[in-house]
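Below: one structure, written as structure tokens.
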Amino acid sequence: TASGALKQRFAVAPDDPNAHYLLGRARRMAADADGAEASFRTALTLSPGQSDVLIALGGLLLDRGKYEEADAVFQELASRGGSALQGRLGRVEALVALGRTSDAQVQLDAVPEAQRTIAAVRTAAARVALARNKAGEALSLLRPLLETQAERPGLQALYGDALLAAEQFEGAAGAYDKALALDAGLPEALLGRAQVQLRTNQAKDALPVLETAKRALADRIRPPALHALRTTLVGQAYLLRNKRGDVEIAKQVLRDAIKQSAAPPEAHYWLGEALGAKAAPEARTEYQRYLELAPNGKYAERARRALSSLS
């Protein structure tokens, strides 16, 4: 409806930057990533430096997994006085996604003391803490926010991520369930819920959740890493369920996972597990690749033991 109304506006004023910005928002809601980005960039061409458009474009680029481009947009935003904080926090998210956690911490440290209790700042700090494997610190940052903002599904999902990282599985499941009660199609919460089920020997229950996550990811713009994570979790679920034919399905799914951009290191580990001793050379390659990518990952010792048994 919004897109239709805006097209009528373009018939009268084709160079209206605000109309292009609003069309970008409508296209983003409709999961038209290319169209949304084109509209935001047109709006910026017509009205350079407009803060609302920079914020929208930066957020879209984060959702698309274009982290270097997002960082550049947020750097421009941070140079503008009234939007400096939003630009800095956008940079934090982009830098975390790029694996540059030290640089993200530098951005956080530059936030004025008076602003560090703001919810967005605490949330960004929690993301950095999680990226640095400091789950306890992330939980401490997020708990006070939930006392007043429990209705935010994204915050509940992030809290679930922190609890999952701390291996507090029951609490994590509760947080993800709260997020899904608020937004049944939130991909981050669905994938988090499936991870809890896999970590607690409920592989059979994880598969329907992952199928729901597939539909949710088709309806919303999310980075390639989230799609690759879902594929990896599906392969893991089939392998752990281990009914007749499941191992072969797991191999096929995990081979697809490792071909995807931004595939998690765990995809290689689980493919090694699925291949087993009967395909020792290929399994060895996958375990070794996992250890190259995540030498201190949660399956590192298991991968090393598996390599030792294959030698």
* Probe 1.4 Å - accessible area at ILE258, Å² to nearest ten -> 50
* **Size of the stretch 27-101 as Cα extents on the principal axes (Å, biggest first)** => 31, 26, 16
* **Where labels lie 7 Å past Cα in the beta-carbon direction, separation of ALA2 and LEU98 in nm** => 2.9
* Accessible area of LEU293, 1.4 Å probe, to the nearest 10 Å²? -> 80
* In the chain, with Lys and Arg counted as +1 and Asp and Glu as -1 at Cβ, which of these residues, GLN168, ALA131, LEU62, has the Cα nearest the positive end of the dipole, that is, farthest along it? -> GLN168
* With everything on Cα atoms, drop me the angle between helix 300-310 and the longest principal axis of the chain, reported from 0 to 90° to the nearest 10. => 40
* Structure fact -> Rounded to the nearest 10 degrees, the helix 119-131 long axis (Cα) sits at an angle to the longest Cα principal axis of the chain of 30
* Structure fact -> A student applying the Cα gyration tensor rule (rounded when a/c is under 1.5; otherwise prolate if a/b is larger than b/c, oblate if not) would label the stretch 164-311 prolate
* Asked: Once the Cα gyration tensor of the chain is found, what semi-axes does its equivalent ellipsoid get, as square roots of 5 times the eigenvalues, in whole Å, sorted largest first?
  -> 37, 23, 19
* To do: Using a 1.4 Å probe over the heavy atoms of the protein chains, calculate the carbon and sulfur portion of the accessible area of the chain as a whole percent.
  => 48
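Helix-only mean residue ellipticity at 222 nm, the chain, DSSP H runs n ≥ 4 weighted -39,500 (n - 2.57), per residue, nearest 500. What is it?
Calculated at 222 nm, the ellipticity per residue is -24500 deg cm²/dmol.
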* Quick one, can you get me the convex hull of the C-alpha atoms of the stretch 252-299 expressed as volume per residue in Å³? => 64
* If you roll a 1.4 Å probe over the heavy atoms of the protein chains, what accessible area per residue do you get for the chain, in Å²? -> 49
* How high is the relative contact order of the chain, given as a whole-number percent (alpha carbon pairs under 8 Å, six or more residues apart)? -> 9
* Where nothing but the Cβ of Lys and Arg (+1) and of Asp and Glu (-1) is charged, how large is the charge dipole of the chain around its Cα centre, in debye to the nearest 20? -> 660
* Asked: Convex hull over the Cα atoms of the stretch 181-261, averaged projected area in nm²?
  -> 5.1
* Structure fact -> Counting Lys and Arg as +1 and Asp and Glu as -1 over every other residue whose Cβ sits under 15 Å from the Cβ of LEU6, the net charge comes to +2
* Distance violations [Cα-Cα > 25 Å] among LYS66/LYS214; LYS66/LYS259; LYS178/LYS214; LYS134/LYS259; LYS214/LYS278; LYS134/LYS214 -> LYS134/LYS259; LYS214/LYS278; LYS134/LYS214
* Could you give the distance between the Cα centres of the stretch 199-252 and the stretch 113-156, to the whole Å? -> 28
* To do: Once you have the Cα-Cα distance between GLU167 and GLU292, take 0.36 nm times their residue separation minus that, and quote the gain in nm to one decimal.
  => 42.6 nm
* Structure fact -> Taking only Cα atoms of the stretch 47-156, the Rg to Rh ratio with Kirkwood Rh works out at 0.96
* Asked: In the Gaussian network model of the chain, springs joining C-alpha atoms below 10 Å, which of GLU211, GLU76, GLU292 carries the largest mean-square fluctuation?
  -> GLU292
* Structure fact -> Relative contact order of the stretch 66-213 (C-alpha contacts under 8 Å, at least 6 apart) in percent is 13
* To do: Pull out a ≥ b ≥ c, the square roots of the eigenvalues of the alpha-carbon gyration tensor of the stretch 96-168, then state rounded if a/c is under 1.5, prolate if not and a/b is larger than b/c, and oblate in the remaining case.
  => oblate
* **Integer Hz, Karplus 6.51/-1.76/1.60 couplings in order for the stretch 93-99, x for Gly and Pro** => 5, 5, 5, 4, 5, 7, x
* Just reorder ARG289, ARG244, ARG222, ARG25 by solvent-accessible area, largest first, 1.4 Å probe, all chains present. => ARG244, ARG25, ARG289, ARG222
* Which FRET efficiency value, to the nearest 0.05, is calculated for GLU301 and MET29 with the Förster distance at 45 angstrom and r the Cβ-Cβ distance? -> 0.50
* To do: Find the relative contact order for the stretch 84-135 and round it to a whole percent, using C-alpha pairs within less than 8 Å whose residues are 6+ positions apart.
  => 40
* Structure fact -> Note: SER311 to ILE118 extended length (0.36 nm per residue) minus current alpha-carbon separation gives 64.1 nm
* To do: Could you state the angle between the C-alpha long axis of helix 67-78 and the longest principal axis of the C-alpha atoms of the chain, as a value from 0 to 90 degrees rounded to the nearest 10?
  => 40
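The values are calculated or read from the model by the stated rules, or taken from the named source; none is laboratory data. All values derive from a computational prediction rather than experimental measurement. Note that each Cβ is placed from the backbone with ideal geometry, even for glycine, and that neighbours are counted across all protein chains shown. Just the protein is used for accessible areas: all its heavy atoms, side chains included, with ligands, DNA and RNA removed. Shrake-Rupley method; radii C 1.70, N 1.55, O 1.52, S 1.80 Å.
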